[in-house]
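I have placed the structure first, in the form of structure tokens, so that the comments after it can refer back to it.
The values are calculated or read from the model by the stated rules, or taken from the named source; none is laboratory data. These numbers come from a predicted model, not from an experiment. Cβ: placed from backbone, ideal geometry, glycine included. Neighbour counts: every protein chain shown. For the accessible areas, the whole protein counts, side chains as well, though only heavy atoms, and no ligand, DNA or RNA atoms are used. Shrake-Rupley method; radii C 1.70, N 1.55, O 1.52, S 1.80 Å.
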Amino acid sequence: KVAWFRAALGYSVRHAAGIVGVSETTAGRLRAILSPRCPVAVVAHGVDHARFVPDEPEPGADQKALAGLGLRRPYLLHLGTIEPRKGIVDLVAAFDLLAPDNLDLDLVLAGGVGWKAQATLDAVATAQAADRIRQLGYVPEASVPSLLRQARAVVYPSLEEGFGLPALEAMACGTPLVTTSGTAMAELAGESALLVPPGQPQALAAAIESLIVSQASPQATARLMTGLEVAARYTWQACAEGHLRIYRQAAGA
């Protein structure tokens, strides 16, 4: 797969009339590595604002969805495929640091198993708080908004992302977000998330703990409101219009 992408990307960049990146982070990496001759535009993904909202569609809908997944306790949520770049090993280590002082809290890993996942699965199996780490596997799309809304925090410590859609969806649901500095998620979230350097479980644990302790504080409330404002700017309509603009430019229209 890696060999195919290297060949395909190199060929595509040499022959493209225009290139679309989903974030400045992605576009910058592409410019630095492949030196394209054509323009590179940034057109961000959107979020489905009919589904990813702070309020459940009807009273009790979220609890019904969580019960269907076997969830009842307060939890931290990671949403995404289990693979090395997601930083889940660091998240498991951070949860081990938090678990003794937060006995009512679980860690939920929602997402299918991806490439080179064994080290992550081993970290989960050998964690001190392994009995409080719930692996849901792939979660039906209909349950995702409820999962995000009801989490104490969404923790997305990924090392590499082109965009980081789960981070945007968490903000649209009004859920506190912890993610990685120096990434596309940091570019997206700005001051609406707590940012932690990659590969630092202790710093990750401290950030999560601060969210748990200060969820009702004015600063936390302001951060959530900023997150809602940021998420509102990202729509699939704007995404489609941005792509159409680039296609017309490339076609000389």
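So here's what we get for this one:
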item	result
Residue in region 244-253 that is open to solvent by less than 50 Å² (accessible area, probe 1.4 Å) and under 20 Å from Thr25 (Cβ atoms) present	yes
Residue count for region 1-26, restricted to those that are crowded, with 17+ Cβ neighbours inside 10 Å, in contact (Cβ under 8 Å) with a residue 40 or more places away in the chain and not small (Gly, Ala, Ser)	4
Pairs with Cβ under 8 Å, 6+ apart, first in region 68-84 and open to solvent by less than 20 Å² (accessible area, probe 1.4 Å), second of a type in the set (Lys, Arg)	Leu71/Arg134; Tyr75/Arg134; Tyr75/Arg152; Leu76/Arg152; His78/Lys86; Gly80/Lys86; Glu83/Lys116
Selected residue [over 23 Å from Val53 (Cβ atoms) and at pLDDT 95 or above] from Ala203, Ala167	Ala203
Some residue of region 233-245 being part of a loop (DSSP other than H, G, I, E, B), closer than 16 Å to His45 by Cα and among the β-branched types (Val, Ile, Thr)	yes
Enumeration of residues in region 223-243 that are touching a helix residue (DSSP H, G or I) at 6+ places or on another chain (Cβ under 9 Å) and loosely packed, with under 14 Cβ neighbours inside 10 Å	Met225, Glu229, Ala232
Leading residue by the ranking (farthest from Asp62 (Cα to Cα)) among those in region 117-134 that are of a type outside the set (A, V, I, L, M) and surrounded by 15 or more Cβ atoms within 10 Å (Cβ to Cβ)	Thr120
Count - residues of region 34-67 that are on the phi > 0 side of the Ramachandran plot and under 16 Å from the mean Cα position of the chain (by Cα)	0
Unique match (being modelled with pLDDT of 95 or more, closer than 20 Å to Ala167 by Cα and part of a strand (DSSP E or B)) among His78, His49, His45	His78
Region 146-170: number of residues that are over 11 Å from Leu79 (Cβ atoms), over 10 Å from the mean Cα position of the chain (by Cα) and in a helix (DSSP H, G or I)	3
Residues located in region 137-159, provided they are over 24 Å from Asn102 (Cβ atoms), open to solvent by 30 Å² or more (accessible area, probe 1.4 Å) and touching a residue at least 12 places away in the same chain (Cβ under 8 Å)	Tyr138, Ala142, Leu159
